[in-house]
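Below: one structure, written as C-alpha cells.
The values are calculated or read from the model by the stated rules, or taken from the named source; none is laboratory data. This is a predicted model, so every value here is computed, not measured. Neighbour counts are summed over all protein chains in view; Cβ atoms, including those assigned to glycine, are modelled from backbone coordinates with ideal geometry.
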Amino acid sequence: MPPRRTRLPRAFYRRDTVHVARELLNKVLAMPDGRAGRIVEVEAYCAGIDPAAHTYRGRTARNATMFGEPGHMYVYFTYGMHWCANAVAWEHTPGAGVLIRALEPIAGVDAMHDARGGVSERLLCSGPARLTQALGITGDLNGADLVKGAGPRIYDDGTAPPLHPIATPRIGIRHGLEHLWRFVVPGNLHVSPARVKMVQA
DNA sequence: GTTTCGATTGTG
DNA sequence: ACAATCGAAACC
C-alpha cells in the first residue's frame, strides 16, 4: 500500500524562506506522469539582503515568478543548457524561494533514466540541473502552481524533515557565502557531489 | 549595442 | 582543469 500523500497548503510556502527550505527536506516532488523523488538537498535564496539571489537587484522578466505568489515554481535557464527549479517561498518580502538541488528517486525511475541517458542511479537526480532533466522540467513549467493545478506538485508523504539537517554554504555562488543556507538530509547518498569552487592561488 | 558571465555538468 | 552553450544582466 503506497504511503498517503498530503498536499502542502499555500500557507506552507508563505513563511520565512530559510524555514521553508528546511521543511522541504524529505518532502516529495512529483510529476503528473508519476515520476517522483524525495527532496534531500535544498538552498534558500532570500530577498533584499542576499547578493546570491537572482532577485537581489530587483524584479526582471526572468525572475518575475519569484515576486509572485508563494507555492509556485520558478524555473530558470543557466549556463546555456541547464534548467533549475525553485519553490517560491516568502513571508514578508517578495522575491525569494528555495532551489531544489537533489532528489532521491522513488517513482518513475525508468522514465528518469530514459531522460538522462546512461548515468548511475546515484547521479540520476543528484544536482539541480540533473533532477530537472530526469523529471522533464523545463521553462514551460515556470510559474506552475505546486499547490493547485495539474502540473508538478510537492507532497508530504509522512516522512518528517531531519531534526538536524546539515547546513553549509551554498554551491556555485560568489557572494553570500557567509550564510549557511544549503540544507542536506544527513547521510543521504543522493545528495549532489559537493564541488568546491577552485580558487586561483 | 556590445560584452560578460552564470544558483552546472561531463569529460580530461 | 576546462569546454559546452546561450540568454539575461551589466555595461557603455
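Some notes on this structure:
- Some residue of the range A:115-131 being exposed (fewer than 14 other Cβ atoms within 10 Å of the Cβ), within 12 Å of DNA strand C (Cβ to nearest atom) and over 28 Å from A:THR6 (Cβ atoms): no
- Filtered residues of the range A:112-143 (kept if charged (D, E, K, R) and within 17 Å of the chain's Cα centre (by Cα)): A:ARG130, A:ASP140
- The range A:49-62: number of residues that are near DNA strand B (Cβ under 7 Å from one of its atoms) and under 21 Å from A:ASP140 (Cβ atoms): 1
Okay, residues lined up against (1) crowded, with 16+ Cβ neighbours inside 10 Å; (2) outside any loop (DSSP other than H, G, I, E, B):
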| site | (1), (2) |
| --- | --- |
| A:GLY149 | no, no |
| A:TYR155 | yes, yes |
| A:THR159 | no, no |
| A:PRO162 | yes, no |
| A:ALA167 | no, yes |
| A:ARG170 | yes, no |
| A:ILE173 | yes, no |
| A:GLU178 | no, no |
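- Condition check for A:THR132: touching a His at 6+ places or on another chain (Cβ under 9 Å), among the polar types (S, T, N, Q) and closer than 27 Å to A:ALA64 by Cβ: yes
- Any hit, the range A:97-107, residues being within 13 Å of DNA strand C (Cβ to nearest atom) and surrounded by 14 or more Cβ atoms within 10 Å (Cβ to Cβ): no
- For the range A:108-147, a residue qualifies if it is in a loop (DSSP other than H, G, I, E, B), under 20 Å from A:ARG195 (Cα atoms) and modelled with pLDDT under 95, and the qualifying residues are A:VAL119, A:SER120.
- Every residue from the range A:66-77 that is within 11 Å of DNA strand C (Cβ to nearest atom) and in contact (Cβ under 8 Å) with a residue 40 or more places away in the chain: A:TYR76, A:PHE77
- Which listed residue is touching a residue at least 60 places away in the same chain (Cβ under 8 Å) and over 18 Å from A:ALA30 (Cα atoms), from A:GLU91, A:GLU104: A:GLU91
- A:GLY34 vs. criteria among the small types (Gly, Ala, Ser), more than 16 Å from DNA strand B (Cβ to nearest atom) and in contact with a strand residue (DSSP E or B) (Cβ under 8 Å, 6 or more places away or on another chain): yes
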